[in-house]
1. Within the bounds of the range 112-127, is there any residue that is more than 15 Å from the ligand (Cβ to nearest atom), modelled with pLDDT of 95 or more, closer than 30 Å to LEU304 by Cα and in a loop (DSSP other than H, G, I, E, B)?
2. Quick check: is even one residue across the range 193-200 under 25 Å from CYS277 (Cα atoms), in contact with a strand residue (DSSP E or B) (Cβ under 9 Å, 6 or more places away or on another chain), more than 16 Å from the ligand (Cβ to nearest atom) and not in a loop (DSSP other than H, G, I, E, B)?
3. Restricting to the range 271-292, and then to whatever is touching a Leu at 6+ places or on another chain (Cβ under 6 Å) and in a helix (DSSP H, G or I), can you tell me which residue is surrounded by the fewest Cβ atoms within 10 Å (Cβ to Cβ)?
4. Pull up the range 65-111, narrow it to residues that are of a type outside the set (A, V, I, L, M, F, W, C) and in a strand (DSSP E or B), then point me to the one that is nearest to the ligand (Cβ to nearest atom).
5. Could you check the range 12-60 and list, in sequence order, the residues that are outside any helix (DSSP H, G or I), more than 16 Å from the ligand (Cβ to nearest atom) and within 22 Å of PHE154 (Cβ to Cβ)?
6. Looking only at the range 303-335, which residues are part of a loop (DSSP other than H, G, I, E, B) and without any contact (Cβ under 8 Å) to a residue 40 or more places away in the chain?
7. Please list, ordered by first then second residue, the pairs with beta carbon atoms under 8 Å, 6 or more apart or interchain, first in the range 94-107 and of a type outside the set (D, E, K, R), second within 13 Å of the ligand (Cβ to nearest atom) and part of a helix (DSSP H, G or I).
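The values are calculated or read from the model by the stated rules, or taken from the named source; none is laboratory data. Here the structure is a predicted model, which means the values were calculated and not measured. Positions of Cβ are backbone-derived with ideal geometry, glycine not excepted, and every protein chain shown enters the neighbour counts.
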Amino acid sequence: MLMQFQKKVLIIYTGGTIGMVETEDGYATKSGYLHRVLGRMSELFHSGMPQWALIEFEHICDSSNISIRDWSAMAHTIKDNYDAYDGFVILHGTDTMAYTASALSFMLEGLGKTVVLTGAQIPIGHARSDARDNLIGSIIIAGEGRVPEVCLYFGKKLLRGNRATKVSADEMEAFASPNFPPLATAAIDIRYIDALVRPRGEKLNVVDFAEDLPIAVLKIFPGIQFKMFENIMTENLKALVIEAFGVGNIPQYDAELLPLISKAADNGTIIVVCTQCLRGKVQLGTYETSSALKRAGAVSGRDLTVEAAVTKLRYLFAKRCSSERIKKYMETDLRGELSE
Ligand code: ASP
């Protein structure tokens, strides 16, 4: 008789609503609490579940406080435990979960195992919490290991991490992947769409991001006074992500912007244009209102989320790519983050 070995999943707890308790100042993390709750959840010890262990970060936090150093800690915890576990679940606050998922998708080069980020909109100690469902689904998916990618599981959908974005502050289906279909959906079975899944990496390597990279995001709105941004668009600025209208358009009424952008480009600042729209992609040059951006040397972020754009920039700078290569790679698919 063949023995079926139980899979092993490592849960990395970084903070977030999932493990929060009520305090006088609102919800806050409490060390040791989540571990105790999980230890009492009989579902987590069901014979159909993978075996699991939990590592709690020293500074579990509201994910609004997540830092580049925390991303490195997550990536290295995975690397240090890579051979001992079949898959990994990262418990994380929802506010910046899509940023962390994007960041890890770039940091974990050559990933061959499943990394699932999840959390909850309602703390696990509440009767109506979504934590149990998100957690149990994530542990099963990580143990099955059919998707060797950094993913985000929430509200019964498994999304590619670097395609995900938080779309609701208060609904249980808080995340969407507007430009890419879910990799799996949990119904009676977990239905994977294998054709969408990226190939398994062979050797894991962690790329750490610099903590002090000066980059900025500029959201365009009608009436914007571009001269307000002159002070940040100096030669110190390494990259600027512009959240433009529609397919990449910006207002033409203000004669200040284009000289500023040309100057930034001359300074060597990488300018990436993303769209404010949830769906669709940037196509510079379709309208007069975007042609000048193209002439000024901006590159198209195509259908990158802003989360993916800023973390991809960090990755390319961490790899010490030349400006020309960064521009080229920003328009090239590296981890399934962009449709070419
Ligand atoms: N503020 C919380 C966080 O991001 C929200 C949540 O987890 O849902 O940590």
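1. Yes, there is a match, as at least one residue in the range 112-127 is more than 15 Å from the ligand (Cβ to nearest atom), modelled with pLDDT of 95 or more, closer than 30 Å to LEU304 by Cα and in a loop (DSSP other than H, G, I, E, B).
2. There is at least one residue in the range 193-200 that is under 25 Å from CYS277 (Cα atoms), in contact with a strand residue (DSSP E or B) (Cβ under 9 Å, 6 or more places away or on another chain), more than 16 Å from the ligand (Cβ to nearest atom) and not in a loop (DSSP other than H, G, I, E, B).
3. ALA292
4. First, pick out the residues of the range 65-111 that are of a type outside the set (A, V, I, L, M, F, W, C): 65, 67, 69-70, 72, 76-77, 79-83, 85-87, 92-96, 99-100, 102, 105, 109-110.
Retained after the next criterion (residues that are in a strand (DSSP E or B)): 87, 109.
Numbers: GLY87: 22, GLU109: 27 Å.
Per the stated criteria, the residue is GLY87.
5. Initial filter on the range 12-60 (outside any helix (DSSP H, G or I)): 12-16, 20-32, 40-41, 46-60.
Still in the list and also more than 16 Å from the ligand (Cβ to nearest atom): 24, 32, 40-41, 46-55, 58.
Selection gives MET41, HIS46, GLY48, MET49, PRO50, TRP52, LEU54, ILE55.
6. The first filter runs over the range 303-335 and keeps only residues part of a loop (DSSP other than H, G, I, E, B), leaving 303-305, 319-322, 331-335.
Those that are part of a loop (DSSP other than H, G, I, E, B) and without any contact (Cβ under 8 Å) to a residue 40 or more places away in the chain: LEU304, ARG320, CYS321, SER322, GLU331, THR332, ASP333.
7. From the range 94-107, the pairs are THR94/THR17; THR94/SER63; THR96/SER63; THR96/SER64; MET97/SER63; THR100/SER63; THR100/ASP70.
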